[in-house]
Amino acid sequence: MSLLIDAIGFGIASGAVLALGAVGFTVQFGISSILNITYGSLMTLAAYFGLLLVGAGLSIWLALAVGALMVGLISVVFHRVLLGPMVKRGIRPFGLIVVTVACGIVLQYIVVAVVGPTAQSYGNVSGATLRFLGMTFTTAQLVIIAITASLMLALHLLLTRTKLGRAMRATSANRTLAQSCGIATDRISDVAWLISGSLCGAAGVALAITVATFDFTLGSVFLVPMIAAAVLGGVGQPYGAMLGGLVVGISTQVAGALWNPAYQDVIALVILIAMLLLRPRGFFGAAWSSRRLLA
Amino acid sequence: MYLGTDLLAAWGLNLEFGVAGIANLAYIVVIAAGAYTYAVLTLGPTSGNGGFQQYILGFHLPFAVAVVAAALAGALVGVVIGITGLKRLRQDYQGMVMLVVSLMAATVVGADTGLFNGQAGLSLVSNPFSGSGSARGDWTYVAVVALACAVGFLVLRRFTGGPMGRTLRAMRDDEHAVAAIGRSVVKLRLVAQAVGGAFGGVSGALLVGFIGGWSPSAWGYPETLALLTAIIVGGMGNNVGVSIGTFVVYLLLLQGVQFLPQVASHPGLTEAFGWIILGATTVAFVWLRPQGVFPERRPRFGPRARSGDGGGAPSGPELSDSVGA
Amino acid sequence: MANALDEQAPPSLPGGVAVVGRGGAGGSAPLLRVEHLVKHYGGVRAVDGVSFTVAAGTITGLIGPNGAGKSTVLSVVSGFTPPTGGRIWFDGRDVTGLPMHRLARTGLVRTFQLARVFGGLTTLENLLVAAPRQRGLSPLGVLGGRFVWGAEERRLVERARALLRRFGMASKADDYARTLSGGQKRAVEIMRCMMMRPRLLLLDEPMAGLSPRLVVELEQILVELRDEGLALLVVEHELETVDRLCATVVAMAHGRVIAEGTMADLRTRREVQDSYVVG
Ligand SMILES: Nc1ncnc2c1ncn2[C@@H]1O[C@H](COP(=O)(O)OP(=O)(O)OP(=O)(O)O)[C@@H](O)[C@H]1O
Ligand SMILES: [Mg+2]
């Protein structure tokens, strides 16, 4: 029983990281209809930025913020220079996915070329352990949960309470229509890629904090449960992705504890496949769906 | 030798992706299926090696039987993967499903030690021709692979040319319209994936027979990307072009970098450069020349009525909608 | 194309329509019978209880204002999407819910409102690919190669070239279909259907976007096809064309049939005038 409760606690912690990443991924897709596989490698990149900054003497949480911002800026450039023009030139979705896969591999091996393939670590940053409702958390985990919660709240306020957020939602729902209503969709795209890229970076550093050691495959391995979370909530739906992150996080940890730790990832994959094949618009699809994923 | 097995794999994927338009990012799984099938069929029973590695079957079957079985296994796995792609999803979504299938397969195989010895992989698969001295055995093997490639190319041409190739290319262009002319999209897709899978299976079997082992870490989606790059560079749908593309990608990019000077302090640096160049090449081609170096050839029938070739439009299949429009 | 009639080559007409079997032209049982057809998209009642028949060897018109549900009727009848309710009989058989490729093989063939051609295939290939029961598609044919299907292929090429001449597109035979103009694509789509030797052809606005001259020529071809025994169901906005071609006309609005009869007859009807400003 305590095993189960512990697993739930750990699931919440990893769910927070998942939610962070999944929301960024889903916002990107919502705004530009691109399934950006490079996302995983950008998370890796953020983790290594974090390493650099911690090495330079920054506190880990400051490193998280700076790393997130840097990856956010890189994402904007990536979309501005490469993906955006490709979409405008009429490259088909599958061509784009090939390109993002390729870019992901390039980025991943640039990391290898610069830092090398050996495993890295931030040292001991997890802090004291705390018990809470029978669950055990490290301080670092609690901070990450708090960061995720506040970023999600901020995103919620941005999307619902500001003019910018409304413009983003309008662009996400129907780009052409938004454009003809006088919304500067290119600028909105930039903002969306900055926000989603920063979430990606934050998730990357947070992930690197929660795992003991990491190497250049950090993000690409994490990509699958993260996409599972995004799809579970309906791709393009930020709130869905938040919930999806928690569901995937908890269910994989619980399954790992009760059954076989090696199958932890398999659970995420099964969730993802089942969702893609049975309810491609996400669990809340009928009510929330605005994007057409069905051909 | 490696070129031979890579050719077989690239041809199989070209049939699926270049000709039939199936966004198969899980192609490496059929190669793995062939490799594992071959390995467990040719290895002796588990008990024979003192429990050094665990796996199912272990029949000690002869080479030829195992290769045929690997082809069948590849075809079967190809069909299974094909079924997951049948749902009418957007093409990039389909690609993602396939990507996930491939990761899932790798995870399951890696996690389950009883099946194929888990993460450690299978090894000690002996070269079937090494009885006659190692060097001669190797050459015999190369000859066998060359023969397999020759046969494979003939079979491939049967599927990419003629009425079958035409129908598959039609499906690539418009699945709805293919149904409207009375062809079953489901059947066509599964045929393409079964045949492509058989190619991948043989490729995997021949590879593992030569190098002697196979483990889950040997197959990630980068390997599928390498094959896709070969196809995109060479020219989707053009068998000869894809062959040349394979040659270029493998020999120059992935093998050629080994001749770069090694930097002692950076292990894996050259390999990293190989992948970086590979990825950059892919992006460059999708951007600049989506139809590849050797575009699909335009079929002509008998004497032409008149020179109606004024359009001068390039090539057959494309990753882009705009070029040539 | 101006001399479409001259180009015909009896005894084997290039268009090659299978002669009507059961029923026969002007016979008793209709070739197509649709009863209480219903199709909902989410909350939209695109088709809401439509019934009509198409007799063998006739051209039936389907008219109505934009959004009346005409294309949806074609989509459901052709098996492109399954109906929400109702029954469809083709040639005396209940074919409700059969998928499109099965229906196409029994001789019920459609075109799309936006012409769909295989852009990466040449015009000639677009026709060849549609020929039914090709030996080159059987397992034996694929593996046997030209020995098995070579002769058949030559016959098909002949037939396809004859069709291309009849439609005045012989010079485009080796052009990629995606380089063709909108009207040419439409012609390719109709020729592709003819290669299948259909018994009932569903055409969705075949005249849209054609020049007045081409409209006249296509009308002529459709009449010839009818005289060869083919039945046609034509969705069309140009009422002059409907008047000239169609013996019976079905008028739809808001997913329902509001009137049925000859075009002259419909022009006088109040309901039709109200929902559809008849020219
Ligand atoms: N795939 C679909 N999903 C949702 N609604 C649809 C779909 N297809 C058609 N509709 C709706 O069904 C109704 C009928 O559409 P349909 O295309 O059949 O009209 P139509 O008579 O062919 O019009 P037009 O003359 O403009 O071609 C319309 O209100 C349309 O919005
Ligand atoms: Mg219509």
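The values are calculated or read from the model by the stated rules, or taken from the named source; none is laboratory data. Note that the coordinates shown come from a computational prediction; the quantities given were computed from them, not determined experimentally. Using ideal geometry, Cβ is built from the backbone for each residue, glycine included, and neighbour counts are taken over all protein chains shown. What goes into the accessible areas is simple: the full protein's heavy atoms, side chains included, and nothing from ligands, DNA or RNA. Shrake-Rupley method; radii C 1.70, N 1.55, O 1.52, S 1.80 Å.
Here the alpha carbons of chain C define both size measures, Rg and Dmax, at 18.9, 64 Å. In this label model, C:E238 and B:A143 are separated by 7.1 nm, measuring between points 7 Å along each Cα→Cβ vector. Each other residue within a Cβ distance under 11 Å of C:L108 adds +1 if Lys or Arg and -1 if Asp or Glu, for a net charge of +4.
Positive end of the dipole of chain A (Cβ unit charges, origin at the Cα centre): among A:L20, A:I105, A:G95, the Cα lying farthest that way belongs to A:G95. Calculated accessible area for the stretch C:199-266 comes out at 36 Å² per residue, all protein chains present (probe 1.4 Å; ligands, DNA, RNA ignored). Site pair C:V38 and B:I211 shows an inter-label distance of 6.1 nm when each label is modelled 7 Å from Cα along Cα→Cβ. Multiplying the residue separation of C:R135 and C:E158 by 0.36 nm and subtracting their alpha-carbon distance yields 6.6 nm. The fraction of all Cα pairs in the stretch A:129-273 landing in successive 5 Å bins from 0 to the largest distance is 2, 8, 14, 19, 19, 15, 10, 6, 4, 2, 1, given as whole percents. In the stretch A:2-290, a dipole from Cβ-located charges (positive for Lys and Arg, negative for Asp and Glu) runs towards its positive end, and of A:I183, A:L194, A:G11 it is A:I183 whose Cα lies farthest in that direction. log₁₀ I(q)/I(0) of the stretch A:58-100 at q = 0.23, 0.33 Å⁻¹, via Debye over equal Cα point scatterers, no solvent, to two decimals? Each listed q maps to, in turn, -0.74, -1.04.
Summing +1 for each Lys or Arg and -1 for each Asp or Glu among the other residues whose beta-carbon sits under 14 angstrom from that of B:C149 gives 0.
Under a cut-off of 24 Å between alpha-carbon atoms, report the lysines in cross-link reach of B:K187, not counting same-chain residues fewer than 8 places apart. Within the straight-line cut-off, B:K187 pairs with B:K87. Sorting B:175-187, C:181-193 by their mean Cβ neighbour count within 10 Å, with the most densely packed peptide first, gives C:181-193, B:175-187.
Relative contact order of the stretch A:2-290: what whole-number percent is it, with Cα pairs under 8 angstrom and at least 6 residues apart?
Relative contact order of the stretch A:2-290: 37 percent.
Calculate, for A:R89 and A:L58, the FRET efficiency according to 1/(1 + (r/R0)^6) with r their C-beta to C-beta distance and R0 41 Å; round to the nearest 0.05.
Calculated value: 0.50.
Pairwise Cα distances in the stretch A:1-147 exceed 17 Å for 69 percent of all pairs.
When only DSSP loop residues count, what trypsin sites (Lys or Arg not before Pro) in the stretch C:110-157 have their Cβ near at most 11 other Cβ atoms within 10 Å? List each step's numbers first, then the result.
Numbers: sites: C:R110, C:R116, C:R133, C:R135, C:R146, C:R154, C:R155; in loops: C:R116, C:R133.
Of the trypsin sites (Lys or Arg not before Pro), the ones in loops of the stretch C:110-157 whose Cβ has at most 11 other Cβ atoms within 10 Å are C:R133.
The fraction of accessible area contributed by carbon and sulfur in the stretch A:69-226 is 68 percent, rounded to a whole number (1.4 Å probe; ligands and nucleic acids excluded). Magnitude of the charge dipole for chain C, about its Cα centre and with charges confined to Cβ atoms of Lys, Arg (+1) and Asp, Glu (-1), is about 880 debye.
Over the stretch B:158-217, one equal point on each Cα, no solvent: what is log10 I(q)/I(0) by the Debye formula at q = 0.12 Å⁻¹? With no solvent term, the Cα-only Debye profile gives -0.43.
Using a 1.4 Å probe on protein heavy atoms only, how many Å² of accessible area do B and A hide from each other, summed over both chains and rounded to 100? Summing both chains' loss of accessible area gives about 4600 Å².
Excluding ligands, DNA and RNA and using a 1.4 Å probe, chains C and B jointly bury around 3500 Å² of accessible surface, summed across both partners. With a Förster radius of 30 Å applied to the beta-carbon distance between A:L153 and A:I5, the computed FRET efficiency rounds to 0.70. Averaged over its residues, the stretch A:2-290 has an accessible area of 39 Å² per residue, based on protein heavy atoms and a 1.4 Å probe. Diffusion coefficient of the stretch C:71-154 by Stokes-Einstein, Kirkwood radius over Cα pairs, 20 °C, 1.002 mPa s: 142 µm²/s.
Once both labels are positioned 7 Å from their Cα atoms along Cα-to-Cβ, the gap between C:R267 and B:A150 label points is 7.6 nm. Using the empirical formula 2.2 N^0.38 Å as the baseline, the Cα radius of gyration of chain A reaches a ratio of 0.97. Taking every full run of DSSP H in chain A, the ones that stretch at least 20 Å from end to end by Cα along their long axis and average -0.5 or higher on the Kyte-Doolittle scale are A:2-32, A:38-55, A:60-78, A:93-115, A:139-161, A:185-210, A:218-232, A:238-258, A:264-278. A:I188 sits among other residues whose Cβ lies under 12 Å from its own Cβ, and their net charge, with Lys and Arg +1 and Asp and Glu -1, is +3.
Mind checking which of A:S59, A:T210, A:F222 is farthest towards the positive end of chain A's charge dipole, using Cβ charges of +1 (Lys, Arg) and -1 (Asp, Glu) about the Cα centre? Of the options given, the answer is A:F222.
Rounded to the nearest Å, what's the spacing between the alpha carbon centres of the stretch A:167-230 and the stretch C:140-155? Just the number, please. With the stretch A:167-230 and the stretch C:140-155 each reduced to a Cα centre, they are spaced 53 Å.
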